[in-house]
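Engineer: For reference, the structure I am asking about is given below.
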Amino acid sequence: MSPHNAVKHGADVLSLVAVDRRREKHTGGGAPAAGHDHPRWARTSPRAKRQSRAGQLRGLREHFYRQVVDARADQPLRVLAYSLVPSPRARPDEDWGTLQAEADQLGYAIAARLHDVAVPVTTTYFPASSASQGVYTPPWDRPGWLEAERQLREGLADGVIVLDRHHISSDDDEYHAVIKHLGEHCQAFLHLVISEEPVAPT
């Protein structure tokens, strides 16, 4: 409807057109704020969006965990301890201690320990072509992670336990793909010692 056509229908239509235009300009989502003659649309903050995505990722991870638990009945769960260390000189010993303590607390049996070394910056890629998201090696390019997937597919373990999501990927879409792949293709789950948290703004 053009403004010229709106004039033929009266002032009420014009006010609706004006409200619709304000809605078109608004890109943040949310609901109108009360207490004013004209509605103001509250923006969804970047922090709230990050928290929402973190909750979605956690929900997906927990969904596949429940599937594995239901399939295993009362049998103890076997997990692979996985760590990503920053350099060839770094050792994952501290991670192993934390992962073992978490596994003991939850009654998991650690079937194997696997780790990878982060690849130097020159051979990594930028997810979604955005340098601000950080640099890391995709999980499917890491030999230790590929070995973890092989053992999961062969039924040698039921899941993977890691310190936090950044040992897998800091990129939300990439991390989501890994959780889904483990659940759908390996019938396995991912357990984090430190649950998903919003990525700090860069």
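The values are calculated or read from the model by the stated rules, or taken from the named source; none is laboratory data. As the structure is a prediction and not an experimental result, all values here were calculated from the model. Cβ placement follows ideal geometry from the backbone for every residue including glycine, while neighbour counts extend to all protein chains displayed. With ligands, DNA and RNA removed, areas are computed over all heavy atoms of the protein, side chains included. Shrake-Rupley method; radii C 1.70, N 1.55, O 1.52, S 1.80 Å.
Engineer: Can you give me the number of residues within the range 133-164 that are on the phi < 0 side of the Ramachandran plot, open to solvent by less than 70 Å² (accessible area, probe 1.4 Å) and at pLDDT below 50?
Structural biologist: Matching residues across the range 133-164 total 1.
Engineer: In the range 70-83, which residue that is free of Cβ contacts under 8 Å to residues at least 60 places away in the same chain and closer than 16 Å to Gln187 by Cβ is most open to solvent (accessible area, probe 1.4 Å)?
Structural biologist: Here the residue is Asp70.
Engineer: Can you confirm whether the range 90-99 contains a residue that is of a type in the set (S, T, N, Q) and modelled with pLDDT of 85 or more?
Structural biologist: yes
Engineer: Taking Arg66 as the residue in question, decide whether it is open to solvent by 60 Å² or more (accessible area, probe 1.4 Å) and part of a strand (DSSP E or B).
Structural biologist: The answer is no for Arg66.
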